[in-house]
Amino acid sequence: MKIELVFATNNSNKIKEIEVLLNAQYQLKKLADIHCEEELPETHHTIEANSLEKAQYVYEKYNVNCFSEDTGLEVEALNGKPGVDSAFYAGDRDADKNMDKVLKELDGITNRNAQFKTVITLILNGQQHQFTGILKGKIGFEKKGLYGFGYDPIFIVDDGRTLAELMLEEKSKISHRALATQQLIAFLNKIQ
Ligand code: IMP
């Protein structure tokens with residue numbers, strides 16, 4: 001019998017990406033499939049705690065095995081900010097304003113080191129497991145590139161391009177989210 005696993009998202013693209021990588025024993029579901037229509041709570045001050053909170057909420061309220069993810073950009077010279085506040089750093093969910101705020105705060109600062117961090121929390125039969133993916137890079141001095149989303153246009157990776165200059169397939173190979181997801185999938189495929 002298939003093991004049902006709810007991915008705490010309503011983004012069907014994210015579901016499809018993971019579905020093809022999982023063993024046939026798993027049946028992935030999204031929040032809408034379990035009639036969870038409310039916003040998941042994110043009341044904590046770390047990416048780890050918010051990731052756990054979302055998974056715990058779904059597990060406890062809907063009594064299903066599930067996993068959630070939470071992501072943030074951590075800039076060294078800003079003491080890890082915007083971090084857990086990445087989505088609403090400049091007040092609302094506006095990527096351009098968020099990037100402008102980071103660029104302004106780094107004005108005149110030579111240390112441009114930064115990282116993206118994704119934390120996935122899996123709750124399987126009551127047991128919690130976290131998987132962390134980190135992508136290190138640098139914050140540029142201006143926005144560059146047309147692909148991706150969020151802070152991608154100001155995040156420079158090893159080869160000198162911003163994440164927004166990478167095609168989706170390229171980003172998917174190296175991204176923080178991909179690294180965390182690979183660990184989740186390796187874990188799930190190993191225990192079955
Ligand atoms: P979430 O946890 O996936 O909702 O991400 C929180 C915020 O981090 C988003 O609103 C984006 O601004 C930013 N973010 C997350 N993942 C990425 C990424 O892969 N590239 C750029 N920004 C990202």
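Things to note:
- THR121 accessible area, assembled protein chains, probe 1.4 Å, Å²: 0
- For the chain, the longest site-free run once trypsin sites (Lys or Arg not before Pro) in DSSP loop states with at most 12 other Cβ atoms within 10 Å are removed: 94-192
- Segment 124-192: GluC sites (Glu not before Pro) in DSSP loop, at most 10 other beta carbons within 10 Å: GLU142
- Cross-link pairs exceeding 18 Å between alpha carbons, from the set LYS54/LYS136; LYS101/LYS143; LYS117/LYS143; LYS104/LYS143; LYS54/LYS173: LYS54/LYS136; LYS117/LYS143; LYS54/LYS173.
- Normalised contact order of segment 101-156, rounded percent, pairs of Cα under 8 Å and 6 or more residues apart: 30
- Loop-located GluC sites (Glu not before Pro) in segment 2-81, at most 13 other Cβ atoms within 10 Å (DSSP): GLU37, GLU38, GLU39
- Net charge over other residues, Cβ less than 14 angstrom from the Cβ of LYS101 (K, R count +1; D, E count -1): -2
- Translational diffusion coefficient (Stokes-Einstein; Kirkwood radius from C-alpha pairs) of segment 3-191 at 20 °C, 1.002 mPa s, in µm²/s: 124
- Computed magnitude of the charge dipole of the chain (debye, nearest 20; Cβ of K, R +1, Cβ of D, E -1): 460
The values are calculated or read from the model by the stated rules, or taken from the named source; none is laboratory data. Model, not experiment: these values are computed from the prediction. All Cβ positions, even for glycine, are placed from backbone atoms using ideal geometry, and neighbour counts span all protein chains on display. With ligands, DNA and RNA removed, areas are computed over all heavy atoms of the protein, side chains included. Shrake-Rupley method; radii C 1.70, N 1.55, O 1.52, S 1.80 Å.
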